[in-house]
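Working notes, beginning with the structure itself.
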Amino acid sequence: MALDSEPPVFPVSIKLTAARIDAKHTDVAVLGFSNCIVILVTQLSSVGSLVQCVVSQLADTMLADPQHMADQLANEASVPVDIKFLLGNPGACAASSLYQILATFLSQRKHTQNPSDVRPVVLGIGLDLPREYKVSIDDGMPDLGAFSSTMNAVGALVDECRVW
């Protein structure tokens, strides 16, 4: 007996894209669950760390005053974000500080694009970062100038896959 109805739609919004970033194939998947946004970014065909980003409750207080919010959110870097490594050791990986910076950047970007979407972002990441990006905790902060083009390229790919 044939059914004329279409198969049910998967209950999670999924969008995929790929591009070359820093001459490396990069896959991006964005999944919109009801309780979080999952962003997977890999140049290694797998992810090595999972980082959860939650827009701080301080950002919620900005929503009470629309003018104050507009002034603050004109610069997405003004949105406070709480970060937690779910998988992976932030001290063990030389690239972990860059992963935290990228996770913050993507979470702030999502929040500025849709401030009413309060779902946290879970970023699964595995990037093949050039040696000059990688620094140990003892060496200080990474050179963000070198990493900013990668960060912006990943942000553009994630924007193509928006589910918020």
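Computed from the coordinates by the stated procedures, all read-outs in this text should not be read as laboratory data. On a predicted model such as this, the values are computed, not experimentally measured, just so you know. Ideal geometry is used to build each Cβ from the backbone, glycine not excepted, and the neighbour counts take in all protein chains shown.
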Using amide H atoms built 1.01 Å from N in the peptide plane, name the residues 5+ places from VAL79, or on other chains, whose amide H lies under 5 Å from its own. none
How much FRET efficiency would the formula 1/(1 + (r/R0)^6) give for VAL118 and ALA146, where r is the Cβ-Cβ distance and R0 is 45 Å, rounded to 0.05? 0.85
FRET efficiency estimate (nearest 0.05) - Cβ-Cβ, HIS25 to SER78, R0 30 angstrom: 0.35
Determine ³J(HN,Hα), in whole Hz, for all residues of the stretch 104-119 in sequence, where each value follows from phi through the Karplus function 6.51 cos²θ - 1.76 cosθ + 1.60 and θ = phi - 60°; x replaces Gly and Pro. 4, 4, 5, 5, 5, 5, 4, 5, 6, 6, 8, x, 7, 8, 9, 5
